[in-house]
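**Student:** Got a structure for you, questions after.
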Amino acid sequence: MGNIEEMRTGESWERFLADYRLSGIDGEGSPYHVHSMSGRTYEVTLTTHLDAGDSMYFRWHCGCPAKKQCRHIDAVEQMRWNEAAAMRDYDGMDVMERES
């Protein structure tokens with residue numbers, strides 16, 4: 001366990017970034033700034049919406065040119081899940097399961 005800064009350092013963090021072809025992720029909440037190995041930075045945001053029945057749902061968006069969900073969103077989702085698991089934040093993990 002530990003704080004966010006501690007979790008985003010070290011060999012496992014570097015391996016995680018390499019797997020997604022990233023050089024870093026900044027932010028502790030939406031928006032996240034995702035730094036690609038290409039040198040570009042993309043903003044990844046989570047927005048809240050209401051459907052026709054007034055039920056709340058969440059949707060991820062990324063500023064990159066991909067037309068569907070991209071690796072930047074995938075990396076942020078996985079990072080958040082890993083951090084919540086490390087902090088034993090089961091309520092947070094429950095909320096994350098409802099995000100798309």
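For (1) among the hydroxyl-bearing types (Ser, Thr, Tyr); (2) farther than 22 Å from Trp13 by Cβ, each residue gets a yes or a no:
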residue: Pro31; (1), (2): no, no
residue: Thr48; (1), (2): yes, yes
residue: Phe58; (1), (2): no, yes
residue: Ala75; (1), (2): no, no
residue: Tyr90; (1), (2): yes, yes
residue: Met93; (1), (2): no, no
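**Student:** Within segment 32-58, take every residue that is β-branched (Val, Ile, Thr) and under 20 Å from Glu83 (Cβ atoms) and give me the one that is surrounded by the most Cβ atoms within 10 Å (Cβ to Cβ).
**Tutor:** The selected residue is Val34.
**Student:** Looking at this structure, is Thr45 in contact with a Ser or Thr (Cβ under 7 Å, 6 or more places away or on another chain) and of a type in the set (Val, Ile, Thr)?
**Tutor:** Numbers: in contact with a Ser or Thr (Cβ under 7 Å, 6 or more places away or on another chain): yes; of a type in the set (Val, Ile, Thr): yes.
Taking the combined requirement at face value, the residue satisfies it.
**Student:** Report, by residue number, each residue of segment 32-60 that is under 24 Å from Val95 (Cα atoms) and over 17 Å from the mean Cα position of the chain (by Cα).
**Tutor:** His49, Leu50, Asp51, Ala52, Gly53, Asp54, Ser55, Met56
This table checks each residue for (1) assigned to a strand (DSSP E or B); (2) modelled with pLDDT under 90; (3) surrounded by 13 or more Cβ atoms within 10 Å (Cβ to Cβ); (4) of a type in the set (Phe, Trp, Tyr).
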position: Met1; (1), (2), (3), (4): no, yes, no, no
position: Trp13; (1), (2), (3), (4): no, no, yes, yes
position: Leu17; (1), (2), (3), (4): no, no, yes, no
position: Trp60; (1), (2), (3), (4): yes, no, yes, yes
position: Cys64; (1), (2), (3), (4): no, no, yes, no
position: Asp74; (1), (2), (3), (4): no, no, yes, no
position: Met79; (1), (2), (3), (4): no, no, yes, no
position: Asn82; (1), (2), (3), (4): no, no, yes, no
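**Student:** Cβ-Cβ below 7 Å, separation at least six or inter-chain, first residue in segment 36-56 and touching a residue at least 12 places away in the same chain (Cβ under 8 Å) and outside any loop (DSSP other than H, G, I, E, B), second of a type in the set (Val, Ile, Thr) and surrounded by 13 or more Cβ atoms within 10 Å (Cβ to Cβ): which pairs?
**Tutor:** Partner pairs satisfying both residue conditions: Tyr42/Val34; Val44/Val34; Val44/Ile73; Val44/Val76.
**Student:** Which number in (1) surrounded by 11 or more Cβ atoms within 10 Å (Cβ to Cβ); (2) at pLDDT below 95; (3) under 20 Å from Val95 (Cβ atoms); (4) of a type in the set (Gly, Ala, Ser) marks the one condition that Gly29 misses?
**Tutor:** In the conditions (1) surrounded by 11 or more Cβ atoms within 10 Å (Cβ to Cβ); (2) at pLDDT below 95; (3) under 20 Å from Val95 (Cβ atoms); (4) of a type in the set (Gly, Ala, Ser), Gly29 misses (1) alone.
The values are calculated or read from the model by the stated rules, or taken from the named source; none is laboratory data. Given the structure is predicted, the values throughout are model-derived calculations rather than measurements. Here the Cβ is made from the backbone with ideal geometry for all residues, glycine too, and neighbour counts use every protein chain on show.
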